[in-house]
Amino acid sequence: MKYFKIEEFNCKHCGKNEMKQDFLDLLDKAREISGVPFSINSGYRCPVHNEAVGSTSKNHVSGRAADIATPDNFRRGAILRGLYLAGFKRIGIADTFIHADNMPLNESAWFY
């Protein structure tokens, strides 16, 4: 990866990391397109951590998702542009982060 260190995606509960390479390659491409740094809030989550944060989704547990910090509107826009142009089809937008995943599910966008 050009823009990330694999450790950025470690589970914050146990330190494990089972990120999928195709996801990481796509995210690296999105980072390049966006032209702004991506700060990863959450990458891989073990099942215990996923449950602790109240998630029932399997995208982080599957190693196919990341939450990216969005400190301001400029970076939020640049990150979204990069994600869409790189080919992400599943994106969630919150006040302080953007979720991106490449799960083999229907194309979707949502607000938290």
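Laid out as a table, the results:
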| item | result |
| --- | --- |
| Within the accessible area of the chain (1.4 Å probe), percent carbon and sulfur | 52 percent |
| Computed over the stretch 1-72: relative contact order in percent, which uses C-alpha pairs under 8 Å that are six or more apart | 37 percent |
| Relative contact order, percent, the stretch 42-95 [alpha-carbon distance under 8 Å, six or more residues apart] | 32 percent |
| Solution diffusion estimate, µm²/s, Stokes-Einstein, the chain, Kirkwood Rh from C-alpha pairs, 25 °C, viscosity 0.890 mPa s | 178 µm²/s |
| Using alpha-carbon coordinates, inclination of helix 21-34 to the longest axis of the chain, degrees | 30 degrees |
| Pair-distance profile P(r), taking every C-alpha pair of the stretch 26-85, with 5 angstrom steps and integer % | 4, 19, 25, 19, 15, 14, 4 |
| Sparse-neighbourhood loop sites, GluC sites (Glu not before Pro) in the stretch 32-112 - DSSP loop, at most 11 other Cβ within 10 angstrom | 107 |
| Accessible area of the chain divided out per residue, in Å², using a probe of 1.4 angstrom | 54 Å² |
| Angle between the chain longest axis and helix 73-86 axis [Cα atoms, degrees, rounded to 10] | 80 degrees |
| Cα-centre dipole for the chain with unit charges at Cβ (Lys and Arg positive, Asp and Glu negative), debye to 20 | 80 debye |
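The values are calculated or read from the model by the stated rules, or taken from the named source; none is laboratory data. Just so it is clear, the structure is predicted and the values come from calculations on it, not from any experiment. Virtual Cβ from ideal backbone geometry, glycine too; neighbours counted across all protein chains shown. Just the protein is used for accessible areas: all its heavy atoms, side chains included, with ligands, DNA and RNA removed. Shrake-Rupley method; radii C 1.70, N 1.55, O 1.52, S 1.80 Å.
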